[in-house]
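Have a look at the structure below before the remarks.
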2 protein chains.
Amino acid sequence: MKDAVTYELLHKCKQTGARRGIIHTPHGDIQTPVFMPVGTQATVKSLTPEDLKNEVGAQIILSNTYHLYLRPGQNIVKEAGGLHKFMNWDRPILTDSGGFQVFSLGDLRTINEEGVEFKSHLDGSKHVFTPESVMKIEEDLGADIIMAFDECCPYPSTYEYTKNSMERTTRWAERCKKAHKNIDKQSLFGIVQGGFYKDLRKQSAQELIDLNFPGYAIGGISVGEPKEEFLDILNYTTPLLPENKPRYLMGVGTPDYLIEAVLSGIDMCDCVLPTRIARNGTAMTWNGKVVIRNATYERDWNPLDNECDCYTCRNYTRAYIRHLVKANEILGIRLLTIHNLYFLTKLMEKVKIEIEKDNLLTFKEEFYKKYGYEK
Amino acid sequence: MKDAVTYELLHKCKQTGARRGIIHTPHGDIQTPVFMPVGTQATVKSLTPEDLKNEVGAQIILSNTYHLYLRPGQNIVKEAGGLHKFMNWDRPILTDSGGFQVFSLGDLRTINEEGVEFKSHLDGSKHVFTPESVMKIEEDLGADIIMAFDECCPYPSTYEYTKNSMERTTRWAERCKKAHKNIDKQSLFGIVQGGFYKDLRKQSAQELIDLNFPGYAIGGISVGEPKEEFLDILNYTTPLLPENKPRYLMGVGTPDYLIEAVLSGIDMCDCVLPTRIARNGTAMTWNGKVVIRNATYERDWNPLDNECDCYTCRNYTRAYIRHLVKANEILGIRLLTIHNLYFLTKLMEKVKIEIEKDNLLTFKEEFYKKYGYEK
């Protein structure tokens, strides 16, 4: 049976690991590299699918197994005809496995070989996630790309803890692969773990490659470590992954991390950052971040970003958006969300062009001069 | 100098006071009767101007002098080029005078002949509104229709209190008229007060008519009184107003009150109700109200309203909207806001057609059978 999701390589950068390609999915093609907006609870906060298509240009969105399992419950999504129909989004969707969310619950969860027992952050009710149950949930949700149930390490973790955790992640990946049935409709990606130890990263990648997933993610970096460590592990791990399959770096959404990810050979990234900081009143612009609450913008009749042609920047001033944010108006969140997601989409558009021109390193230097580093 | 806003009567119902007309304004014509969505803080909560035009069909919106004076301040709106440019809305706008808001502040305000001293609900800072200062603020905001600064009575109030208050409202109306300069750009409407005493309503109407405003509003009803009293004062007062000028009933937004208002001869109504109950998870439908949080909608794959063709009803199920509302997602508010405003717009569309057919009484009976009474 043919995999639901396949990767087509279009161009490989001559100086770096960057690559330009297409991910084919049951809900259409994705031009890569791509940034995926996050729709945690079956909605990218404040936006309609039309906003995402027409104003943001989103090719694929991510949604959240943990959250949808708790509310409204995967049975309801399944009855609706799957996540696409439930939320009226006809382009590709990726669901994460809930692994990151349940491990982030801290005291509310316990891990054993079988799976994770956890208490809901909503009402304290008890639940268990296993590789098998997560596969069932993700099948019910019906995304094009589904993620294996993995164990995430805190940062920092000891070598031994990380090794045990990584090896369990491999065993769980194997169980996920066995449990996952409809491989012609959904593709299951494995997640490389191994923390900040290169030999463990290598072992994890090799073991998962042996399991022959149709795509691979890198998890457990961009979790609070210094940027040098992030880059070190990223640039070591990405080239370990097969060239003929999509490569996904989880949880990265700052412009400079996105560019670094692409340079290492990553095809897909996701992060709540652009939507979260929008709700907090912060815009990403081609000249760096703008914290719109600041008094300096009270009478600023410019758009958020003079170099941007998004819906928000075409129609509204900084002074108006500042007023909306200060007055706690929903429209302020919505306008900033559109802008931030458009900004990252546009950044990736430019990145794609620069890859094709074998010019991404120069682009990066020029971009950083104006935008500055995030971390 | 010609008045900025004029009324054109198209058809008068043969059985009732209802009338079909056009209000001409500097920002375009308004087909009446009309319901005006409220954009308190220079935004109809959660919606863009495009939503209001394309999805709701709003012809005119109302905004709020008290709120805009406090935040961002009328100077900023003026610098932006007025409210239309500030919020990117090119159709007509009406600003209320802030009278209702400052009187609603209760202990935070004191009234004297000169005006009202009040404390901001935001930070407790002291301010004074006088007829003259309010005219200046409304001129700075630049709406097409501006309201005189009036005194609103609590319900119930004694005859003496109501008479004094109403007579002061007339004196303030006269001061507003003197203070208002640019009558070719903005039209100042007088507000008939007089509580629930017909002779006072008559006196108020007559005194304001003598001042020759280009339009008249009825204030101080729909303030918590029984429906019979509302109807009694409404049906007594509306016919007192000149036939050749727009008539505006303030603060009415339930479907049955809107229909009753139109039957009495009212042309314009506004209310926060449709947008406020949307944020609370309630939809108005042609078969009555739907409280979407209710468990009965958990697996309801119908649209909010089977008889509605709004954006929300064309694209989403009750089950999905319920999920959004229960998960506190902004999109839930937005979808319900679009639906409720569209519902009232559509209701007024039908009302206009029925007036032209001299059939509004029959329509009212049929509508009530399905929708039920609000109060």
Among the numbered criteria (1) at pLDDT 95 or above; (2) open to solvent by 20 Å² or more (accessible area, probe 1.4 Å); (3) not in a helix (DSSP H, G or I), which one does residue B:333 miss? (3)
Is it true that some residue in the range B:322-330 is away from every other protein chain (no Cβ under 11 Å), assigned to a helix (DSSP H, G or I), in contact with a Lys or Arg (Cβ under 8 Å, 6 or more places away or on another chain) and open to solvent by less than 10 Å² (accessible area, probe 1.4 Å)? no
How many of the residues in the range A:14-37 are open to solvent by less than 20 Å² (accessible area, probe 1.4 Å), touching a helix residue (DSSP H, G or I) at 6+ places or on another chain (Cβ under 9 Å), of a type outside the set (S, T, N, Q) and not in a loop (DSSP other than H, G, I, E, B)? 3
Test each condition in (1) open to solvent by 30 Å² or more (accessible area, probe 1.4 Å); (2) within 13 Å of another protein chain (Cβ to nearest Cβ); (3) outside any helix (DSSP H, G or I) for residue B:41 and report the one that comes out false. (1)
Scan of the range B:294-321 for residues that are assigned to a helix (DSSP H, G or I) and more than 9 Å from chain A (Cβ to nearest Cβ), ordered by number: B:295, B:296, B:297, B:312, B:313, B:314, B:318, B:321
Could you check the range A:45-134 for helices (runs of 4 or more DSSP H) lying wholly inside it with 1 or more residues that are within 14 Å of chain B (Cβ to nearest Cβ) and of a type outside the set (A, V, I, L, M, F, W, C)? A:65-70, A:74-79, A:83-87
Which one of these is in contact with a Gly (Cβ under 8 Å, 6 or more places away or on another chain), over 21 Å from residue B:141 (Cβ atoms) and in contact (Cβ under 8 Å) with a residue 12 or more places away in the chain: B:253, B:224, B:219, B:265? B:265
Could you tell me which of the residues A:355, A:277 is surrounded by fewer than 21 Cβ atoms within 10 Å (Cβ to Cβ), of a type in the set (A, V, I, L, M, F, W, C), away from chain B (no Cβ under 13 Å) and assigned to a helix (DSSP H, G or I)? A:277
Residue satisfying all of: in the range A:136-163; under 21 Å from the mean Cα position of the chain (by Cα) and in a helix (DSSP H, G or I); surrounded by the most Cβ atoms within 10 Å (Cβ to Cβ) among these: A:138
Residues that are within 13 Å of chain B (Cβ to nearest Cβ) and free of Cβ contacts under 8 Å to residues at least 60 places away in the same chain: does the range A:336-346 have at least one? yes
The lone condition residue B:224 fails out of (1) open to solvent by 10 Å² or more (accessible area, probe 1.4 Å); (2) at pLDDT 95 or above is (2)
Could you tell me which of the residues A:165, A:120 is without any contact (Cβ under 8 Å) to a residue 60 or more places away in the chain, closer than 12 Å to residue A:193 by Cβ and among the small types (Gly, Ala, Ser)? A:165
Could you figure out which of (1) at pLDDT 95 or above; (2) open to solvent by 50 Å² or more (accessible area, probe 1.4 Å) isn't true of residue B:213? (2)
So which of B:289, B:370 ends up being part of a strand (DSSP E or B), open to solvent by 10 Å² or more (accessible area, probe 1.4 Å) and more than 14 Å from every other protein chain (Cβ to nearest Cβ)? B:289
Tell me, yes or no, whether the range B:333-353 has at least one residue that is under 23 Å from residue A:74 (Cα atoms) and in contact with a Phe, Trp or Tyr (Cβ under 9 Å, 6 or more places away or on another chain). yes
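The values are calculated or read from the model by the stated rules, or taken from the named source; none is laboratory data. For clarity, every value in this text was computed on a predicted model and none was experimentally measured. Virtual Cβ from ideal backbone geometry, glycine too; neighbours counted across all protein chains shown. Each accessible area value is taken on the protein alone, full model and side chains, heavy atoms only, with ligands, DNA and RNA left out. Shrake-Rupley method; radii C 1.70, N 1.55, O 1.52, S 1.80 Å.
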